[in-house]
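Engineer: The structure's right below; bear with me while I get my questions together.
Any read-out appearing in this document is the output of simple, stated calculations on the displayed coordinates, not a laboratory observation. For clarity, every value in this text was computed on a predicted model and none was experimentally measured. Positions of Cβ are backbone-derived with ideal geometry, glycine not excepted, and every protein chain shown enters the neighbour counts.
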Amino acid sequence: MSRILIIEDEAAIRRVLVKILSEESNSYEVVEAEDGLVGIELIKKEDFDLILCDIKMPKMDGVEVLEAVKKIKPEIPIVMISGHGDLDTAVNTMRLGAFDYISKPPDLNRLLNTVRIALDRKELVVENTRLKKKVSQKYEMIGDSEAISQIKEMIEKVAPTEARVLITGPNGTGKELVAHWLHQKSDRSKGPLVEVNCAAIPSELIESELFGHLKGAFTSAVKDRAGKFEAANGGTIFLDEVGDMSLSAQAKVLRALQESKVQRVGSDKDIKVDVRVVAATNKDLSKEIADGKFREDLYHRLAVILIKVPPLNERREDIPLLIDYFTKKIADEHGTAQKKFSDKAIKLLQEYDWTGNIRELRNVVERLIILGDKEVSENDVKLFASK
């Protein structure tokens, strides 16, 4: 049931609004407040899906209510109720974040349409917030070691800028987490984050994947197709394992970075793109440059900011936190109670050589949860975590 709060000092107008909404739907619960101060107290204590608020009221006017609600519960849409002389103010409230305004006396159809649209928008906002929170949890950076603290600090400084970032480190260390946090904390966070695993795409298809193609450009090109750079317009493109990209594709990526333009395979038409590039590699690009496998000019374009993600063996103090995080996550995924690891089991895991880094640790923790005792013991680790 949707809860609607009406903040209006004129009792007659409140009665009309309550009558209209109550007759429209049994799924509306309508609550009344005779002035702005009462309304704000109700908003602090209770949850509402929509607020209808008069502009001219004693004690606290509608503009003040709007500003207060945007600080307390910014997700609630607010529809302003305006008298004829309040129209300029009503329009101004839209700039301050009001969803819409309706004039007195309220037109039945206009009021109901506005209420329906506002409630639908509220559901979308809540769902988007939930999904973003879910994504943030999925890509949470776990650890308080000095190395991880430095990376987090670097992200805070770099993310709000447009600087390109090159993330380096062995496989399984969490380079993609850094890329996601750079995007989430940037001004582009409302735009798309498009990921491209350059190592997983055959060299003959990488250019089509990145830049798109025209129908007939090659045998399997049965229709026009946009590439990843176009898909990432207004957001971020994450070129994972960029060191595996062909020299031909590297040349086109370099042009895209220099000119903010791409060309689909089989076309000579330029397409403007507004994309921030974040790249990652597990290779030593200095060696790749020396061997003629990676363009030095592209490296300098990509590596405006360098972030090195250390192997797990260099941040062993984070292993207890990672084990705790994975046990909670795996319990949620399996729908089971969370298992505890004994202190000796954790200590032994801290001593292991984690060549597969965090990815390997996660797999081992899951194995121990499945095969180990109610409390995962040191003996369980010796039996089931061996390499």
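Engineer: Given points 7 Å out from each Cα along the Cα-Cβ axis, report the residue 347 to residue 223 separation in nanometres with one decimal.
Structural biologist: Between residue 347 and residue 223, the label points sit 6.3 nm apart.
Engineer: If packing is taken as the mean number of other Cβ atoms within 10 Å per residue, what is the order of 52-63, 217-228, 188-199, highest first?
Structural biologist: Sorting 52-63, 217-228, 188-199 by mean packing, highest first, produces 52-63, 188-199, 217-228.
Engineer: How large is the dipole of the chain about the Cα centre if only Lys and Arg carry +1 and Asp and Glu carry -1, each at its Cβ, rounded to the nearest 20 debye?
Structural biologist: Result for the chain is approximately 860 debye, rounded to the nearest 20.
Engineer: I need 354, 181 ordered by Cβ neighbour count within 10 Å, fewest first.
Structural biologist: Ranking 354, 181 by Cβ neighbours within 10 Å, fewest first, gives 181, 354.
Engineer: Give the calculated FRET efficiency between residue 379 and residue 308 to the nearest 0.05, with a Förster radius of 35 Å applied to their Cβ-Cβ distance.
Structural biologist: 0.40
Engineer: State the extension gain, in nm to one decimal, for the chain segment bounded by residue 163 and residue 70, taking 0.36 nm per residue of separation less the distance between their alpha-carbons.
Structural biologist: Gain on stretching residue 163 to residue 70: 30.3 nm.
Engineer: If you don't mind, another one. Enumerate the lysines that residue 56 could reach by cross-link, defined here as Cα to Cα under 30 Å, with residues fewer than 8 away along the same chain left out.
Structural biologist: 19, 44, 45, 70, 71, 73, 104, 122
Engineer: Same structure again: Expressed in nm to one decimal, what extension gain is obtained for the pair residue 112 and residue 187 from 0.36 nm per residue of sequence separation less their Cα-Cα distance?
Structural biologist: 23.5 nm
Engineer: If you don't mind, another one. Would you please classify the overall shape of the chain from the alpha carbon gyration tensor, given that a ≥ b ≥ c denote the square roots of the eigenvalues, rounded means a/c under 1.5, and beyond that prolate means a/b larger than b/c while oblate covers the rest?
Structural biologist: Note, shape of the chain comes out oblate.
Engineer: How charged is the neighbourhood of residue 294? Take every other residue with its Cβ under 13 Å from the Cβ of residue 294, and add Lys/Arg as +1 and Asp/Glu as -1.
Structural biologist: -2
Engineer: Moving on. Quick one: net charge of residue 254's neighbours, Cβ under 10 Å, K/R +1, D/E -1?
Structural biologist: +2
Engineer: Taking neighbour Cβ counts within 10 Å as the exposure measure, how do 122, 269 sort from fewest upward?
Structural biologist: Fewest-to-most Cβ neighbours within 10 Å comes out as 269, 122.
Engineer: Please report 236, 161, 89 as a ranked list, fewest other C-beta atoms within 10 angstrom at the top and most at the bottom.
Structural biologist: Ranked by crowding around the Cβ, least crowded first: 161, 89, 236.
Engineer: Now, a different point. Rounded if a/c is under 1.5, else prolate if a/b beats b/c, else oblate: with a ≥ b ≥ c from the C-alpha gyration tensor eigenvalues square-rooted, which is the stretch 139-310?
Structural biologist: Here the stretch 139-310 falls in the prolate category.
Engineer: Another question, if that's okay. Straight-line reach from residue 308: which lysines fall under 18 Å, measuring Cα to Cα and dropping same-chain residues less than 8 apart?
Structural biologist: 152, 157, 175, 283, 287
Engineer: Determine the sum of side-chain charges near residue 147: Lys and Arg each +1, Asp and Glu each -1, restricted to other residues whose C-beta is under 15 angstrom from that of residue 147.
Structural biologist: -1
Engineer: I would also like to ask the following. Between residue 199 and residue 125, what is 0.36 nm times their sequence separation minus the Cα-Cα distance? Round to one decimal in nm.
Structural biologist: Roughly 23.0 nm would be gained on extension.
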